[in-house]
Structures are given as structure tokens and as C-alpha cells.
1. Working only within the stretch 47-97, note down all residues that are part of a loop (DSSP other than H, G, I, E, B) and aromatic (Phe, Trp, Tyr).
2. Could you give me the residue pairs with C-beta distances under 6 Å whose first residue belongs to the stretch 73-84 and is near the ligand (Cβ under 8 Å from one of its atoms), whose second residue is charged (D, E, K, R) and in a loop (DSSP other than H, G, I, E, B) wherever it lies, and which are 6+ apart or on separate chains?
3. Please determine whether any residue of the stretch 115-129 is part of a loop (DSSP other than H, G, I, E, B), among the hydroxyl-bearing types (Ser, Thr, Tyr), at pLDDT 95 or above and in contact with a helix residue (DSSP H, G or I) (Cβ under 6 Å, 6 or more places away or on another chain).
4. Regarding the stretch 7-14, can at least one residue be identified that is modelled with pLDDT of 95 or more and out of contact with any strand residue (DSSP E or B) (no Cβ under 7 Å at 6 or more places or on another chain)?
5. Looking only at residues that are free of Cβ contacts under 8 Å to residues at least 60 places away in the same chain, surrounded by 21 or more Cβ atoms within 10 Å (Cβ to Cβ) and closer than 22 Å to residue 134 by Cα in the stretch 59-72, which one is farthest from the chain's Cα centre (by Cα)?
6. If residue 88 meets every condition in (1) out of contact with any Asp or Glu (no Cβ under 6 Å at 6 or more places or on another chain); (2) polar (S, T, N, Q); (3) modelled with pLDDT of 90 or more; (4) within 26 Å of residue 159 (Cβ to Cβ) apart from one, which number is that one?
7. Go through the stretch 108-137 residue by residue and tally those that are over 19 Å from residue 49 (Cβ atoms), of a type outside the set (Val, Ile, Thr) and out of contact with any Gly (no Cβ under 8 Å at 6 or more places or on another chain).
8. Filter the stretch 84-118 for residues that are in contact with a Lys or Arg (Cβ under 7 Å, 6 or more places away or on another chain) and open to solvent by 10 Å² or more (accessible area, probe 1.4 Å) and give the result.
Amino acid sequence: MFKIHKFYLFIFIGIITMIFSCTDSKNKETTESNTQTNEQKYNWTDCQNCGMPTNDFPNWQVMLKTNSKNLAFCAPRCMFIHLADSSNNIATSIEKIDVTDYYTTQKINGETAFYVTGSNKTSLMGKDFIPFSTKEDAQNFKQEHNGKKIYSFEQIDTGVVISELK
Ligand SMILES: [Zn+2]
């Protein structure tokens with residue numbers, strides 16, 4: 001009597017272990033196949049106008065702060081095109097603009113900078129408003145590189161943007 005019971009007990013244990021090992025391997029499969037996502041990440045440092053990663057081009061980068069957000073542009077050109085678009089109201093809410101001085105590659109005040117156009121130098125975007133912290137630097141650059149005009153920030157309106165960048 002006892003021997004038979006022992007025999008059944010062994011079979012019973014065998015079945016139980018089989019069931020458990022099966023469910024175990026199934027669980028493993030589902031966790032391993034669990035999701036690879038191809039989600040694209042948008043950084044605030046990507047250019048607001050063209051989408052380029054501005055940190056890759058520090059010598060042209062523009063950082064603009066409004067009363068509600070921070071915006072990045074890959075070059076002055078992209079900023080001025082964006083500002084010329086009155087539908088986004090950016091031009092009226094500017095708190096601070098940092099542009100990159102062409103000679104020193106330091107960040108300077110974009111609202112007091114001098115911008116040279118029409119020269120034989122282009123930015124990564126093509127024709128551009130090339131920034132300098134002093135009028136003297138802008139004049140030197142204009143002479144050396146066949147520049148056409150020097151603008152202050154306020155002078156660069158929609159008409160100027162269109163005529164200089166076309
Ligand atoms: Zn851009």
C-alpha cells in the first residue's frame with residue numbers, strides 16, 4: 001500500500017515540475033521580446049526654424065529667451081527668418097538674445113551686435129547676417145570679406161530679411 005502511494009507521489013511531483021518549467025520559459029520569452037521603441041527625441045536646442053541640432057554648430061548658434069520660453073537657432077539667419085514671421089509673436093516678447101561673435105566665437109548680446117551682410121563668407125545655412133560685438137570689428141570684416149552692409153539689430157526688419165537672404 002505504502003509503495004503505491006510513493007509511486008503516485010513521484011509522478012505527481014514530476015507533472016508539477018513540468019508545468020512550472022513550461023510557464024517559466026513562457027514568461028521569459030514575453031519579457032525579452034518586450035518593446036524596442038524608435039521614438040525620436042526633440043531637444044529644445046534644435047533650431048526652431050530648420051530643426052538642425054544647434055549644439056553641433058557652436059560657432060553660429062543663437063539662444064533666444066522670451067518671457068515664456070527658450071528658443072535655439074542654428075544661425076542668425078534662422079532667427080531673423082523666425083522673427084520676421086509675425087504669426088509667432090516672438091519679436092514682441094524677447095528678453096535676451098545671445099548670438100555668436102564671428103571673430104571671437106563668444107556669445108554676445110544679439111540686440112546690440114552689428115551684422116554684416118553680402119560678404120564672401122556664408123554660415124552653415126548660406127547667406128547670413130554675420131554678428132560682431134563692435135562696429136569696428138564689423139567694419140574690418142566688411143572690408144576684408146567684401147561685405148555689402150552693416151546692420152544694427154533694430155534695422156533688420158522683414159523687408160531686410162527678404163532682400164538680404166534671397
Ligand atoms: Zn536653423
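1. Those that are part of a loop (DSSP other than H, G, I, E, B) and aromatic (Phe, Trp, Tyr): 57, 60.
2. These pairs meet every condition: 75/128; 77/128.
3. There is no residue in the stretch 115-129 that is part of a loop (DSSP other than H, G, I, E, B), among the hydroxyl-bearing types (Ser, Thr, Tyr), at pLDDT 95 or above and in contact with a helix residue (DSSP H, G or I) (Cβ under 6 Å, 6 or more places away or on another chain).
4. Within the stretch 7-14 (the criterion being modelled with pLDDT of 95 or more and out of contact with any strand residue (DSSP E or B) (no Cβ under 7 Å at 6 or more places or on another chain)), the answer is no, since none of the residues qualifies.
5. Across the stretch 59-72, the extreme among qualifying residues is 64.
6. (3)
7. Initial filter on the stretch 108-137 (over 19 Å from residue 49 (Cβ atoms)): 108-109, 112, 114, 116, 118-121, 132-137.
If we keep only those that are of a type outside the set (Val, Ile, Thr) as well, we get 109, 114, 118-121, 132-133, 135-137.
Then keep just the ones that are out of contact with any Gly (no Cβ under 8 Å at 6 or more places or on another chain); that gives 109, 114, 120-121, 132-133, 135-137.
Count: 9.
8. Those that are in contact with a Lys or Arg (Cβ under 7 Å, 6 or more places away or on another chain) and open to solvent by 10 Å² or more (accessible area, probe 1.4 Å): 95, 96, 98, 114, 118.
The values are calculated or read from the model by the stated rules, or taken from the named source; none is laboratory data. The structure presented is a predicted model; accordingly, all values stated were derived computationally and were not measured. We place every Cβ from the backbone using ideal geometry, glycine too, and count neighbours over all the protein chains shown. For the accessible areas, the whole protein counts, side chains as well, though only heavy atoms, and no ligand, DNA or RNA atoms are used. Shrake-Rupley method; radii C 1.70, N 1.55, O 1.52, S 1.80 Å.
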